[in-house]
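What follows is one structure encoded as structure tokens, with my remarks underneath.
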Amino acid sequence: MSMLRHMRTTVRLDDSLSRQIKRLAAEEQTTFTALLEQALREMLQARKGRGDGKRVPLPTFKGQGLQPGVDLDDSAALLELMEGSDEAL
């Protein structure tokens, strides 16, 4: 027979967040602790469901690479090039 174990801990929360949790706990007729436990379990489950951390292969395409004058580190220049290409159409 397994025995449930509980650990007491102190958590510092923003006052506004704490008030929201207390209000929701009262509305749902549950405890502050139960609501926090539920929220944390859901967050952990959601993170677990995001994947196993394995890399996903991205599609690649044949081509000549970057066009002359394209600097991927310069977003303003990229925008100018893209806007200029619309005008040429």
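Here are the numbers:
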| read-out | value |
| --- | --- |
| Complete set of residues in segment 55-79 that are loosely packed, with under 10 Cβ neighbours inside 10 Å and of a type in the set (A, V, I, L, M, F, W, C) | 56, 58, 61, 66, 72, 76 |
| Close pairs (9 angstrom Cβ cut-off, 6 or more residues apart or separate chains): in a helix (DSSP H, G or I) in segment 64-87, at pLDDT 80 or above and not aliphatic (A, V, I, L, M) anywhere | 77/71; 78/71 |
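Yes or no, residue by residue, for (1) touching a residue at least 12 places away in the same chain (Cβ under 8 Å); (2) of a type outside the set (Val, Ile, Thr):
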| site | (1), (2) |
| --- | --- |
| 7 | no, yes |
| 13 | no, yes |
| 23 | no, yes |
| 28 | no, yes |
| 33 | no, no |
| 36 | yes, yes |
| 40 | no, yes |
| 44 | no, yes |
| 57 | no, yes |
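The values are calculated or read from the model by the stated rules, or taken from the named source; none is laboratory data. Keep in mind that this is a model prediction, so the values were computed, not measured. All Cβ positions, glycine included, derive from the backbone under ideal geometry; neighbour counts span all protein chains shown.
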